[in-house]
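Here is the structure we will look at.
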């Protein structure tokens, strides 16, 4: 439903505003690289604008610092609705290597609602272009969502496997499995 709404609201063009919230400029360079003639983002209707009031979407890069938090909220409020918000790079998606420092709030989703995430440090220009084109509905989704989890100490102590819930082979069972014919 969200994809159909994006197609209807934005048609074939989307104007983006780029906001740096404390990045090392690696993601900024890649975002600007997408807009060069080599990648030609304008063929998809993606155009960089100089004011958030003219934008349809915001590309946020960098971890959100305490100093930038109020300005980012005002910036997102300045974009007319309907709007899309993209978190570009691992710092904007989760805080990056600064996620637990005193001056960093975390990723962009800790401060403003984020619609799409483009991970990477820095993300390749192709990934940024794909993320925006996917939001417009111009390309299909390539991968399925994957749920990551970690065993607890109790699960490890009991020997349960994460995949199927059955006990994992250990000790003599593992040695017998290795020595059995056909393995």
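Each value in this text was obtained by applying a stated rule to the coordinates, not by laboratory testing. All values derive from a computational prediction rather than experimental measurement. Here the Cβ positions follow ideal geometry from the backbone for every residue, glycine too, while neighbour counts run over all protein chains shown.
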### Task
With a point put 7 Å past each Cα toward its Cβ, work out how far residue 78 is from residue 38 in nm, to one decimal.
3.0 nm
### Task
Before anything else, pin down the relative contact order of the range 72-127: Cα pairs under 8 Å, at least 6 apart, normalised by residue count, whole percent.
40 percent
### Query
By its C-alpha gyration tensor, with a ≥ b ≥ c as the square roots of the eigenvalues, how is the range 12-130 shaped: rounded for a/c under 1.5, else prolate for a/b larger than b/c, else oblate?
oblate
### Task
Provide the gained length on full extension for the span residue 48 to residue 154, in nm with one decimal, where the gain is 0.36 nm per separating residue minus the Cα-Cα distance.
33.0 nm
## Note on the structure
The relative contact order of the range 31-114, taking Cα pairs under 8 Å that sit 6 or more residues apart, comes to a percentage of 29 percent
### Message
I want to check the label-to-label distance for residue 141 and residue 99. Put each point 7 Å from Cα in the C-beta direction and report it in nm to one decimal.
### Response
2.2 nm
### Summary
Heads up, the range 71-143 by the C-alpha gyration tensor (a ≥ b ≥ c square roots of eigenvalues; a/c under 1.5 rounded, else a/b over b/c prolate, else oblate) looks oblate
